[in-house]
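The values are calculated or read from the model by the stated rules, or taken from the named source; none is laboratory data. A quick note: this is a predicted structure, and the numbers were derived from the prediction, not measured. As a convention, Cβ positions derive from the backbone with ideal geometry for all residues, glycine included, and neighbour counts pool all protein chains shown.
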Amino acid sequence: MARLSDLIEDFIKSLIEETEEEYVEIKRNELANIFNCAPSQINYVLETRFNLSNGYIIESRRGGGGYIKIIKRPVSKDWMSKLISDIGDNITENKSRLYIDTLLEHNLITEREAALMKSVLNEKILPVSQYEKPILRAILLKVMLAELSNNLAKGE
């Protein structure tokens, strides 16, 4: 069974896909009513699933009903650089999978490429100590993203 956060995320993404615009405006309280949850649950989803690293910009408007504007940010070399810098010196396997899923969602990689990237970053195959695995995984993911960014700049 899907978690509430996943359902809210899927709902918002479907709204974005259905619109002709590059953004969607929602009312946090109305969305909370639809999902019968606290508005803080909507905030959690927006902060964790629709952040800059995931390719979205959130604009909040006070007054006038409290609309929240979610903008799907176009992919650029700057965005890729931000993604790379956000990784830091180490990363868990689960978090690396989220980065790869974001690339897939933005049509920067294919399903096959995503599967290959995930297999390279798999906890079980990294040939180093448990302590070094997150460090090696971060290095590998950054190298893959840098190459993808270079190809993006070339228009490939």
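Whether any residue in the stretch 28-45 is under 29 Å from Leu152 (Cβ atoms), modelled with pLDDT under 80 and outside the structural domain of Lys142 (by TED's automatic domain parsing) is what I want to check. No; the residues of the stretch 28-45 include none that is under 29 Å from Leu152 (Cβ atoms), modelled with pLDDT under 80 and outside the structural domain of Lys142 (by TED's automatic domain parsing).
Among the numbered conditions (1) at pLDDT 90 or above; (2) more than 30 Å from Glu20 (Cα to Cα), the only one that Glu113 does not meet is (2). Condition first: part of a loop (DSSP other than H, G, I, E, B) and closer than 17 Å to Lys95 by Cβ. Now tell me which residues in the stretch 132-156 satisfy that. Listed by number, the list holds a single entry, Glu132. Can Glu17 be described as over 30 Å from Ile139 (Cα atoms), assigned to a helix (DSSP H, G or I) and outside the structural domain of Leu140 (by TED's automatic domain parsing)? Criteria met by Glu17. For Glu47, the stated conditions hold: it is surrounded by fewer than 13 Cβ atoms within 10 Å (Cβ to Cβ), charged (D, E, K, R) and in a helix (DSSP H, G or I).
All conditions in (1) of a type outside the set (Lys, Arg); (2) assigned by TED's automatic domain parsing to the domain that holds Met144; (3) within 22 Å of Leu136 (Cβ to Cβ); (4) not in a loop (DSSP other than H, G, I, E, B) hold for Ile109, with the sole exception of (4). Taking (1) within 30 Å of Glu20 (Cα to Cα); (2) of a type outside the set (Ser, Thr, Tyr); (3) surrounded by fewer than 16 Cβ atoms within 10 Å (Cβ to Cβ) in turn, Glu132 satisfies each apart from (1). For the structure I just gave you, tell me whether Pro127 is in contact (Cβ under 8 Å) with a residue 24 or more places away in the chain, out of contact with any helix residue (DSSP H, G or I) (no Cβ under 7 Å at 6 or more places or on another chain) and more than 25 Å from Ser76 (Cβ to Cβ). Spelling it out, it is not the case that Pro127 is in contact (Cβ under 8 Å) with a residue 24 or more places away in the chain, out of contact with any helix residue (DSSP H, G or I) (no Cβ under 7 Å at 6 or more places or on another chain) and more than 25 Å from Ser76 (Cβ to Cβ).
Scan the stretch 20-42 for residues that are assigned to a helix (DSSP H, G or I) and under 13 Å from Ile70 (Cα atoms) and jot them down. Listed by number, the residues that qualify are Arg28, Ile42.
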